[in-house]
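What follows is one structure encoded as structure tokens, with my remarks underneath.
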Amino acid sequence: MSDFQYEEVPPEEHSDSDTVVNSAPLAELQEIPADPNFDDDEEEQDELRKMEATTTSAAAGAVAAETNSDTTVAKPSSAEDSIFSTMYAVAKKVAIVGSIYLVGYMGWSVAWLIAPVVLSVARDRFRKSTEHKRSIAKASALASEKEVIMARIDELPAWVYFPDVERCEWVNKILKHLWPNANHYARTLVKETIEPAVAESLANYKMNGFRFDRIILGTIPPRIGGVKVYTQNIGRNEIIMDLDLFYASDCDINFYLGSMKGGIKDFQIHGWVRVVMKPLIRSMPLVGGLQIFFLNNPNIDFNLVGVIDLLDMPGLSDLLRRIIVEQIGNIMVLPNKLPITLSDEVPATSLKMPEPEGVLRIHVVEAKDLMKKDISMLGKGKSDPYAIINVGSQEYKTQIIDNNVNPKWDFWCEAAVEVTQHSVISYRLFDWDRTGDDESLGRASVEIINAVKRGVVDTWLTLENAKHGMLHVRLQWYKLTSNPLDLQAALAETQLLRVASMSSAVLIVFIDSAKNLKQARINSNPDPYLVCSVGKQKQQTGMIMRDNSPVWEQGFTFLVGNPENDTLQIKIFDQKTGSEIGQFGYVIATLLRKENMDIVSQPFQIQKSGPESKLIMSLSLRILKKAEAIEDGESSEAPVAGENKLARSISKTASIQEPSSPKELQSQSSRISADTPLSEEEPNLKVSSPTNLQSITPPRSPNPFSANLIGGESVLTHRVPDLSASPGEHGLGRILLTIHYLAQRQKLFVTIHKIMNIPIRDPSNIPDPYVKLYLLPGRSKESKRKTVVIKDNCNPVYDATFEYLMSTAELLQSELEVTVCTQKGFFGSPIIGMLKIPLTDPEVSGNGLNTWYDLQPEFKHD
């Protein structure tokens, strides 16, 4: 603590001890009741310190006398408050006793008394806890930095914990002087931007007529706890800094919701704000503009007053709070930014056009050992979990899994990321409830920079704020390129994933302005706003009042599935009438033929408007390309797919030529690769066994009979010819399987092609075969898969594919149990044959394993 030195005022410099105002530490402020003259005393304290440095001791005595007189005048007001509080307490007691007497007199049920008491106690406890937090936060904003440090050593400011975060008390002093002027700007922003957005959101819940009546942000300015200026890994044409912003205001905001009047007080917001100064220019003010935004959703709290105070209950107030957080996120939380132009030399596109660094592909695989929140007849039941994923202001929600504490979601989503440093992806898990609020099951977060550095992050996260539980997630980072030749690789990867919502490119749209729009009403200019869409994604500009040549200057980002097929649709509406006053469509594939796939400030003819109606916009297309991992220890050791395939075939051939034992010979003859069909034109390797004679030939390239895996599915281009008419080593038949694990999807695909030569024990009783699959160990019901039943057939063909969601670690510890049964049986379904296949073969995770297996006799389960 040697870096923190403060100048203490010696006691002897004070001419009169009565003039010294002692400030309590923050820890003691929690026990001190609210003083109505608190703000006045602080101002007088500042004045006294200034006068003591420039005046004589006699002047200080005069100031002390004046202070004493002011304090004396303030006493009657405190006495009046005491009288009113006493009267209120008496009235409250009388009301309680009277309600109890009324219940007994009327002979009502005791529930009429208990229910209001329980609700009142819950409401009071909730309000006391929130008021306690607000009082602490407000005291932190009002107290000096020394008092904060001395009172809360265990919770030091951010600049103490992190050496790269510096003090900025001089900024707080400047903010204090600028706050009255900034107050007017913030009031205009709230009135013109936040009010219509909140009104529209509340209208979706049948609450109409929202408007602000009075907006006073108060005298307490925001406080900057620390600042970090970046000096590395940034462009030469920009300055980037992060501010630890804390705002605990004494605001007085009144609003109307229909005919009800309410208010917001004690508004608080805390979060990291990034300020980007760009571009740097050679004329004053040397900085062309600012971009201001929150890296992640800030913490927001406020207190409702007035008639709307009825909403300030757990669950009900969450609606208004969530709407306000959403609207702040739509303005200042990534990917949204608040641009401020400082010079006319700077074009609007340099500040207001989105600039994503890349795309983060998110896979929420599963969770395990979640808490049990539901209550059943036998006690604690299970949960109905779902997850909410947040990347800045972008939010995604998984499906709900009923009655399961080990849910498997297999949920995919993508987010365009504009800033990777200090940005996080957060996961929040909830238990869905039909009647009440959804209960939290925990939360977790991952820094996006980890995915950027490693390329792929596949991990289990321990849930915070939960007794137990873990979440399995997978992140893939994609950088953006302007090379159209990368498109085919991106499309092939999305087809391999077999997820319809995945994208292969990013379209960046900047709507500059429109000119000469047609009138929607007679003798009146329209109130235009623009809606642009790509597929199911829609984005909307703000509304410009009474202007047929509006200037929007807003940018949007769209994830595009296939640029060769998708189209950008633009429609312009008049807000007053709701009628369409213009439209335009742009084929995205046109950008593939443009230089760098960009169009800058180009006018386009608007359809269904007027002959001179123009839309000025800029477009940019970027292709997704898988980022290379910076730390990839396995890439140098992994063999090429073709070399691995050849090596396996050679080793297989060698082992067949010189078997070490009869048992090994049997295991070799029980599985023959489907990639090695019989050929009369090539020399064959003959291997004899007690049951049959196998013919194997070295692999050919290309192989016209191989089964290929396309898009994660088993597509049989040409069925492998029967190698022999033998029913297998054990006389129970043979089965052809394709087993392939796709690491990108975290899925195991098992394709059952056909069964050959099932023995007939009774000619009058031909079997009705079907196949069952289980994963071992465990053999749980969730892992059971079953084909259809084929009647009266000893050589059934299924070509059925089944999927298992599992991680790579689980794959290496699992086995596949294959059981062939017949439906014809007096007691159940007799088993024809079984198999137990380990999944540790490298080809399962490589190109896929396409193999014949000999069915074995029934064996006992572990």
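Loop-only chymotrypsin sites (Phe, Trp or Tyr not before Pro) in the stretch 163-237, please: DSSP not H, G, I, E or B, and at most 14 other Cβ atoms within 10 Å. Don't skip to the answer; put the middle values down first.
Values: sites: Trp170, Tyr185, Tyr205, Phe210, Phe212, Tyr230; in loops: Tyr205, Tyr230.
Within the stretch 163-237, the qualifying chymotrypsin sites (Phe, Trp or Tyr not before Pro) (loop, at most 14 other Cβ atoms within 10 Å) are Tyr205.
Run down the lysines and flag those whose C-alpha is under 20 Å from the C-alpha of Lys781, throwing out any fewer than 8 positions away in its chain.
Within reach: Lys368, Lys382, Lys408, Lys747, Lys772, Lys836, Lys860.
What does the C-alpha gyration tensor say about the overall shape of the stretch 722-853? Classify as rounded when a/c is under 1.5, otherwise prolate if a/b is larger than b/c, or oblate. Let's see the in-between values first.
Details: a/c = 2.32, a/b = 1.70, b/c = 1.36.
Prolate shape, in that a/c is at least 1.5 and a/b is the bigger ratio.
Quick one: with all protein chains in place, what share of the accessible area of the stretch 384-519 is carbon or sulfur, to the nearest percent (1.4 Å probe)? Before the final figure, lay out the partial values.
On the way: 2560 of 5730 Å².
About 45 percent, which is the carbon plus sulfur part of the accessible surface.
For a quick check: with amide H placed at 1.01 Å from N, whose amide H comes under 5 Å from Gly289's, ignoring anything fewer than 5 positions away on the same chain?
Lys278, Leu342
Average projected area of the Cα convex hull of the stretch 382-433, in nm²?
Mean projected area for the stretch 382-433: 4.1 nm², to one decimal.
What is the percent of Cα-Cα separations in the stretch 484-523 that go past 12 Å? Intermediate values should be presented prior to the final figure.
On the way: 563 of 780 pairs.
Beyond 12 Å sits 72 percent of the P(r) for the stretch 484-523.
For a quick check: with amide H placed at 1.01 Å from N, whose amide H comes under 5 Å from Ala505's, ignoring anything fewer than 5 positions away on the same chain?
Val560, Leu624
Given a 1.4 angstrom probe, I'd like the percentage of the accessible area of the stretch 729-822 that is carbon and sulfur, rounded to a whole number. Please list the in-between numbers first.
Numbers: 1860 of 3660 Å².
Of the solvent-accessible surface of the stretch 729-822, carbon and sulfur hold 51 percent.
Can you pull the three principal axis extents for the Cα set of the stretch 338-464, in Å, largest first?
Computed over the Cα atoms, the extents are 72, 34, 21 Å.
How many Å³ per residue does the convex hull of the Cα positions in the stretch 479-588 occupy? Could you put the intermediate results ahead of the total?
Details: hull volume 11.5 nm³, N = 110.
Measuring per residue, one finds 105 Å³ for the Cα hull of the stretch 479-588.
How big is Rg to Rh over the stretch 409-566, alpha-carbon atoms, Rh as the Kirkwood inverse-mean-distance radius?
On the way: Rg = 21.3 Å, Rh = 19.6 Å.
Rounded to two decimals, Rg/Rh equals 1.09.
Which ³J(HN,Hα) values, rounded to whole Hz and listed in residue order, are derived for the stretch 269-280 from phi using the Karplus coefficients 6.51, -1.76 and 1.60 in 6.51 cos²θ - 1.76 cosθ + 1.60 with θ = phi - 60°, glycine and proline given as x?
The phi angles translate into 8, 9, x, 8, 10, 9, 10, 10, 9, 7, x, 7 Hz.
Dividing the convex hull volume of the alpha carbon atoms of the stretch 419-510 by its residue count, what do you get in Å³ per residue?
Working: hull volume 16.8 nm³, N = 92.
So the per-residue hull volume is 183 Å³.
Quick one: of Lys133/Lys228; Lys479/Lys608; Lys453/Lys536; Lys138/Lys538, which pairs are farther than 30 Å apart, Cα to Cα? If you can, show how the numbers build up before the last one.
Working: Lys133/Lys228 27 Å; Lys479/Lys608 39 Å; Lys453/Lys536 32 Å; Lys138/Lys538 40 Å.
From the list (Lys133/Lys228; Lys479/Lys608; Lys453/Lys536; Lys138/Lys538), the Cα-Cα distance tops 30 Å for Lys479/Lys608; Lys453/Lys536; Lys138/Lys538.
Regarding the stretch 524-569, what are the three Cα extents along the principal axes, ordered largest first, in Å?
41, 16, 15
Summarise the accessible area of the stretch 186-257 (1.4 Å probe, protein heavy atoms) by the percent that is carbon and sulfur. Please report the intermediate quantities before stating the final value.
Numbers: 1940 of 3730 Å².
So the carbon and sulfur contribution to the accessible surface is 52 percent.
Quick one: Karplus J couplings for the stretch 339-354, per residue in order, coefficients 6.51, -1.76, 1.60, θ = phi - 60°, nearest Hz, x for Gly and Pro?
Result, rounded to whole Hz: x, 10, 8, 10, 9, 6, 6, 8, x, 5, 5, 5, 10, 10, 7, x.
Starting from the coordinates of the alpha-carbon atoms of the stretch 81-121, obtain the Kirkwood hydrodynamic radius over all distinct pairs and give the value in Å to one decimal.
Here the Kirkwood hydrodynamic radius works out to 11.4 Å.
Would you kindly derive the ³J(HN,Hα) couplings of the stretch 586-596 from the backbone phi angles with the Karplus curve 6.51 cos²θ - 1.76 cosθ + 1.60 (θ = phi - 60°), listing them in order in whole Hz, with x for Gly and Pro?
Listing the rounded values in order: 10, 6, 5, 4, 4, 5, 5, 9, 8, 5, 6 Hz.
Place the peptides 332-339, 579-586 in order of packing, highest mean first, counting for every residue the other Cβ atoms within 10 Å and averaging per peptide.
Values: 332-339: 19.6, 579-586: 17.8.
Highest to lowest by the protection proxy: 332-339, 579-586.
Using modelled amide H (1.01 Å from N, peptide plane; none on Pro or chain starts), what sits under 5 Å from the amide H of Ser445, excluding residues fewer than 5 places away?
Residues meeting the amide H criterion: Tyr427.
List the extent of the Cα atoms of the stretch 446-499 along each of their three principal axes, largest first, rounded to whole Å.
50, 25, 13
From Cα coordinates alone, what are the radius of gyration and Dmax values for the stretch 213-294 in angstrom?
That works out to 18.0, 55 Å for Rg and Dmax.
Keeping every protein chain present and rolling a 1.4 Å probe, give me the accessible area per residue for the stretch 405-526 in Å². Intermediate values should be presented prior to the final figure.
Numbers: 5350 Å² over 122 residues.
Counting only protein heavy atoms, the per-residue value for the stretch 405-526 is 44 Å².
Could you tell me what % of all Cα pairs in the stretch 578-619 have separations over 14 Å? Kindly include the intermediate steps, with their values, before the conclusion.
Values: 464 of 861 pairs.
Percentage above 14 Å: 54.
The values are calculated or read from the model by the stated rules, or taken from the named source; none is laboratory data. Since the model is a prediction, treat every value here as computed from it, not as a measurement. Reconstructed Cβ throughout: ideal geometry from the backbone, glycine too, with neighbour counts over all protein chains shown. What goes into the accessible areas is simple: the full protein's heavy atoms, side chains included, and nothing from ligands, DNA or RNA. Shrake-Rupley method; radii C 1.70, N 1.55, O 1.52, S 1.80 Å.
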